[in-house]
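The values are calculated or read from the model by the stated rules, or taken from the named source; none is laboratory data. For clarity, every value in this text was computed on a predicted model and none was experimentally measured. Neighbour counts run over all protein chains shown; Cβ positions are idealised from the backbone, glycine included.
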Amino acid sequence: MKQSAIGWTDFSGGDLNFVTGCTPVSEGCKNCYAKAIYERFGRDFDVTIHPQKIMALRGHDWPQWSPKRGPGYKPMAFVCDTGDLFHEDVSSPFASGAIDVMSDLRRVTFQVLTKRPERMREMVGAYLDANRGRVSHMPSNIWFGVTAENQARVDERIPVLLNTPAALRFVSIEPMLGPVSLAPEWLDHGLDWVICGAESGPKRREFDQGWAESLYAQCAEAGIPFFGKQSSGLRPGEPLYIDGKQVLEWPCPSV
């Protein structure tokens with residue numbers, strides 16, 4: 001299994017990419033890093049599913065604990081970091097099969113991030129309906145999150161996320177393209193983790209440090225862990241400092 005350069009997870013890429021390729025859906029997609037990588041190497045970025053990778057997950061020799069969080073916490077695996085499990089071109093049976101395999105691997109925490117929360121809610125509901133009698137709720141080792149790059153996407157996506165069955169729900173404000181206010185009812189009733197990061201790369205858009213500081217203050221007041229992934233920079237971004245230090249907080253439960 002490939003260790004991840006993404007600060008908030010242990011593993012990504014390789015067999016965790018059982019969906020690759022995507023299509024733009026909002027402002028954050030303009031400078032998609034995954035598409036740029038694929039194009040650089042002359043690869044097709046059309047949506048493609050890889051059933052063999054889902055099955056390969058079962059055979060991996062997973063570590064006993066998270067290399068980044070330490071003993072007492074399960075290793076974390078970010079799935080589909082160059083695709084979207086809930087893309088319109090991915091069938092509900094395929095997504096359900098992926099959820100089923102992840103749910104069987106309780107010794108690993110899987111992080112699933114999407115820009116298509118309505119489709120996620122629909123597919124998770126279909127999974128629970130299809131397995132009624134065997135599964136009563138989403139397993140605790142699968143975390144669901146949405147990307148929300150500005151206030152409009154926050155207002156659009158977080159309410160749908162909070163209406164999706166999940167053990168833990170998180171939001172990635174990355175690339176952060178403007179100031180963001182997280183409504184108190186979201187922070188107090190269902191949102192468990194906030195990730196924040198500026199855009200990187202030669203075409204990166206404006207980032208104001210004050211946006212991140214405001215978001216951190218909101219999370220601190222609500223007692224929600226905040227992970228400051230990166231500030232603006234060429235590639236990768238520079239460390240994001242708040243009050244002179246990096247804030248790299250994780251959800252507290254070892255679920």
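Observations on the model:
- Applying the criterion of being crowded, with 20+ Cβ neighbours inside 10 Å and without any contact (Cβ under 8 Å) to a residue 40 or more places away in the chain to the residues of region 159-181, the residue that is farthest from G201 (Cα to Cα) is R169.
- Among helices (runs of 4 or more DSSP H) entirely within region 140-255, having at least 2 residues that are modelled with pLDDT of 95 or more singles out 151-162, 209-222.
- If you filter region 45-62 down to residues that are modelled with pLDDT under 95 and not hydrophobic (A, V, I, L, M, F, W, C), you find that the one that is surrounded by the fewest Cβ atoms within 10 Å (Cβ to Cβ) is D61.
Okay, residues lined up against (1) free of Cβ contacts under 8 Å to residues at least 24 places away in the same chain; (2) touching a helix residue (DSSP H, G or I) at 6+ places or on another chain (Cβ under 6 Å); (3) within 23 Å of P159 (Cα to Cα); (4) not hydroxyl-bearing (S, T, Y):
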{"position": "R204", "(1), (2), (3), (4)": "no, no, no, yes"}
{"position": "Y216", "(1), (2), (3), (4)": "no, no, yes, no"}
{"position": "A222", "(1), (2), (3), (4)": "no, yes, yes, yes"}
{"position": "P225", "(1), (2), (3), (4)": "no, no, yes, yes"}
{"position": "K245", "(1), (2), (3), (4)": "yes, no, no, yes"}
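- For region 11-64, a residue qualifies if it is in a helix (DSSP H, G or I), touching a residue at least 40 places away in the same chain (Cβ under 8 Å) and at positive phi, but none of them does.
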